[in-house]
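The structure under discussion appears below in the form of structure tokens.
The values are calculated or read from the model by the stated rules, or taken from the named source; none is laboratory data. Here the structure is a predicted model, which means the values were calculated and not measured. Cβ sites come from the backbone with ideal geometry, for glycine too, and all protein chains shown count toward neighbours. Note: areas computed on protein heavy atoms with side chains; ligands, DNA, RNA excluded. Shrake-Rupley method; radii C 1.70, N 1.55, O 1.52, S 1.80 Å.
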Amino acid sequence: GSHSQLEDTAPRIVEHPTDVLASKGEPATLSCKAEGRPAPVVEWYKDGERVETDREDPRSHRTLLPGGSLFFLRILHGRRGKPDEGVYVCVARNYLGEATSRNASLEVAGE
């Protein structure tokens with residue numbers, strides 16, 4: 001039979017993150033799922049800055065899940081600020097282009 005060549009496709013976001021109200025010290029997840037061929041690389045940005053995960057820093061409390069979601073082992077919140085609070089966006093890239101998700105805000109519930 002004829003072999004159909006799978007065509008490479010630019011990434012697209014198939015699951016967008018939604019706003020999260022998180023509790024201090026509790027885990028939280030920002031969902032993101034991207035499709036594309038080759039499988040896109042997902043990065044997260046918070047307030048425009050790239051989010052470091054345990055891929056860059058093994059001690060990080062943030063993990064990039066295989067599907068592209070961002071998982072917080074525990075929400076950090078101290079007297080000096082709320083380092084996890086902000087507006088997050090998920091960006092998926094491959095050589096054909098990139099796709100950006102909708103913005104999702106992560107808010108830490110008050111004490």
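The set of residues from the range 34-49 being surrounded by fewer than 16 Cβ atoms within 10 Å (Cβ to Cβ) and either assigned to a loop (DSSP other than H, G, I, E, B) or modelled with pLDDT under 95 (or both) comprises 38, 39, 47, 48. Against the condition surrounded by 15 or more Cβ atoms within 10 Å (Cβ to Cβ), over 26 Å from residue 97 (Cα atoms) and out of contact with any Leu (no Cβ under 7 Å at 6 or more places or on another chain), how does residue 31 come out, does it pass? Spelling it out, it is not the case that residue 31 is surrounded by 15 or more Cβ atoms within 10 Å (Cβ to Cβ), over 26 Å from residue 97 (Cα atoms) and out of contact with any Leu (no Cβ under 7 Å at 6 or more places or on another chain). Residue 59 satisfies every condition listed in (1) open to solvent by 80 Å² or more (accessible area, probe 1.4 Å); (2) closer than 21 Å to residue 99 by Cα; (3) of a type in the set (D, E, K, R) except (2).
Scanning the range 1-33 for residues that are closer than 17 Å to residue 65 by Cα, outside any loop (DSSP other than H, G, I, E, B) and among the hydroxyl-bearing types (Ser, Thr, Tyr) yields a single hit, 29.
In a loop (DSSP other than H, G, I, E, B), of a type outside the set (Lys, Arg), over 18 Å from residue 20 (Cβ atoms) and in contact with a Ser or Thr (Cβ under 8 Å, 6 or more places away or on another chain): is that true of residue 52 in this structure? If you could, list the steps in order and put the result at the bottom.
Details: in a loop (DSSP other than H, G, I, E, B): yes; of a type outside the set (Lys, Arg): yes; over 18 Å from residue 20 (Cβ atoms): yes; in contact with a Ser or Thr (Cβ under 8 Å, 6 or more places away or on another chain): yes.
Here the answer is yes, as residue 52 does meet what is asked.
Within the range 1-56, being among the charged types (D, E, K, R) and more than 18 Å from the chain's Cα centre (by Cα) holds for 7, 8, 24, 37. Of all residues in the range 55-78, those being assigned to a loop (DSSP other than H, G, I, E, B), under 23 Å from residue 94 (Cβ atoms) and either in contact with a helix residue (DSSP H, G or I) (Cβ under 7 Å, 6 or more places away or on another chain) or modelled with pLDDT of 95 or more (or both) number 3. Taking the stated definitions as given, is residue 28 farther than 27 Å from residue 109 by Cβ and not β-branched (Val, Ile, Thr)? Against the criterion (farther than 27 Å from residue 109 by Cβ and not β-branched (Val, Ile, Thr)), residue 28 does not qualify.
Only residues that are open to solvent by 20 Å² or more (accessible area, probe 1.4 Å), part of a loop (DSSP other than H, G, I, E, B) and modelled with pLDDT of 95 or more: list them for the range 89-111, please. Don't jump to the end; show me each part of the working.
Pass one, the range 89-111, residues open to solvent by 20 Å² or more (accessible area, probe 1.4 Å): 89, 93-98, 100, 102-103, 105, 107, 109-111.
Still in the list and also part of a loop (DSSP other than H, G, I, E, B): 95-96, 102-103, 109-111.
Residues satisfying the conditions are 95, 96, 102, 103.
The combined condition, being modelled with pLDDT under 95 and open to solvent by 80 Å² or more (accessible area, probe 1.4 Å), is not fulfilled by residue 12.
Of the residues that sit in the range 76-98 and are under 15 Å from the mean Cα position of the chain (by Cα) and of a type outside the set (D, E, K, R), which one is nearest to residue 40 (Cα to Cα)? Lay out the reasoning, then the answer.
At the first step, the residues of the range 76-98 found to be under 15 Å from the mean Cα position of the chain (by Cα) are 84-93, 98.
Pick out the ones that are also of a type outside the set (D, E, K, R) and you get 86-92.
Details: 86: 24, 87: 22, 88: 18, 89: 15, 90: 12, 91: 9, 92: 5 Å.
Restricting to residues being under 15 Å from the mean Cα position of the chain (by Cα) and of a type outside the set (D, E, K, R), the top hit is 92.
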